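K.L.:
Could you have a look at this structure, given as structure tokens, before my questions?
The values are calculated or read from the model by the stated rules, or taken from the named source; none is laboratory data. Because the structure is a prediction, the values reported are computed rather than measured. Positions of Cβ are generated from backbone atoms using ideal geometry, with glycine treated the same way; all protein chains shown enter the neighbour counts. What goes into the accessible areas is simple: the full protein's heavy atoms, side chains included, and nothing from ligands, DNA or RNA. Shrake-Rupley method; radii C 1.70, N 1.55, O 1.52, S 1.80 Å.
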Amino acid sequence: MPKKAKSSIVKVGLIQMSCDQKPEANLKKAIARIGDAAKKGAQIICLQELFRSQYFCQTEDIELFKLAETIPGPTTEALSKVARQKKVVILASLFEKRTAGVYHNTTVVLDANGKIAGRYRKMHIPDDPLYYEKFYFTPGDLGFQTHDTQYGKVGALVCWDQWFPEAARLTALSGAEFIFYPTAIGWLPDEEEEMNQAQHSAWETIQRAHAIANGVYVVAVNRVGREGKLNFWGQSFVADPFGRVIARASADKEEVLVVACDLNKIEETRQNWPFLRDRRIDFYMPLSSRFLEPTQAK
């Protein structure tokens, strides 16, 4: 009997949820939501950024380093068991304790056999009002990677990485079919509604542009609800390689989205838009400069 051809359809699961002050409660909720997504047919399931706790980077507090854990550690062990039982790939965003004084914002990719397929340490670390991440996180040192899993080639970037086309490009060049962005982004207090809408539009637009420029699926998974002074705007979404939003969650509710993605769309889109073919890589070396100084007059 000939082998059955592998399906080109991969179902991704997005877990958009609010977070409690107790890490144990958040882990329990996440595991339950992973189960819900698996029942709906999800094969690759992504949790939001730093899902084990409320978004703690709104303040600078040494006590909050107690939230960090090693990888492998208690959470990866618990989620590995779930991945193996449900036969799903899980992307889990964690506060990683690498050693005393060195911590990372890390996404772990757990394959459907429960083993760690890889990890990504957040490269771009913000320091903005209520996003004081430089206090907690050392910039990543693993580069931009793709992790080969049972259901597809997965690239993981994290939140602030969303704004950098170089990160998406290098992840796509390493072979990713999906770029996942675990996220914690919301509206600042007392912001005007017009600015709120402009910020959200920019956030979604640039990620759709990453999908278009690289011919990949982009999956953004945001948290939802009020935490401290931040009101997280939810609206997790999936963009196809043409940049079309094919699924979007609400702005104010917990949701489990399961979205069918046809991997054939990647090749089809890249054949019609051969951006990777036409890149002038022989002239891109200046991108390694912080800034290009004006040419001095001779």
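K.L.:
Out of everything in the range 268-298 that is in a helix (DSSP H, G or I) and touching a residue at least 40 places away in the same chain (Cβ under 8 Å), what residue ends up being farthest from Glu177 (Cα to Cα)?
P.N.:
Result: Leu287.
K.L.:
Separate question: Which residue pairs have Cβ atoms under 7 Å apart, sit 6 or more places apart or on different chains, and have a first residue in the range 236-265 that is farther than 20 Å from Gln162 by Cα and without any contact (Cβ under 8 Å) to a residue 24 or more places away in the chain and a second that is open to solvent by 30 Å² or more (accessible area, probe 1.4 Å) and assigned to a strand (DSSP E or B)?
P.N.:
none
K.L.:
When only residues in the range 24-74 that are open to solvent by 40 Å² or more (accessible area, probe 1.4 Å) and acidic (Asp, Glu) count, which is nearest to Lys134 (Cα to Cα)?
P.N.:
Among residues in the range 24-74 that are open to solvent by 40 Å² or more (accessible area, probe 1.4 Å) and acidic (Asp, Glu), the one nearest to Lys134 (Cα to Cα) is Glu60.
K.L.:
Consider Ala211 against the criteria (1) free of Cβ contacts under 8 Å to residues at least 40 places away in the same chain; (2) surrounded by fewer than 23 Cβ atoms within 10 Å (Cβ to Cβ); (3) not in a loop (DSSP other than H, G, I, E, B): it satisfies all of them except one. Which criterion is unmet?
P.N.:
(2)
K.L.:
Given the options Glu227, Glu268, Glu193, name the one that is over 24 Å from Gln145 (Cα atoms), of a type in the set (D, E, K, R) and surrounded by fewer than 16 Cβ atoms within 10 Å (Cβ to Cβ).
P.N.:
So the residue among Glu227, Glu268, Glu193 that is over 24 Å from Gln145 (Cα atoms), of a type in the set (D, E, K, R) and surrounded by fewer than 16 Cβ atoms within 10 Å (Cβ to Cβ) is Glu193.
K.L.:
Can you tell me which of Asn113, Asn105 is surrounded by fewer than 16 Cβ atoms within 10 Å (Cβ to Cβ) and either within 21 Å of Ala176 (Cα to Cα) or at pLDDT below 95 (or both)?
P.N.:
Asn113
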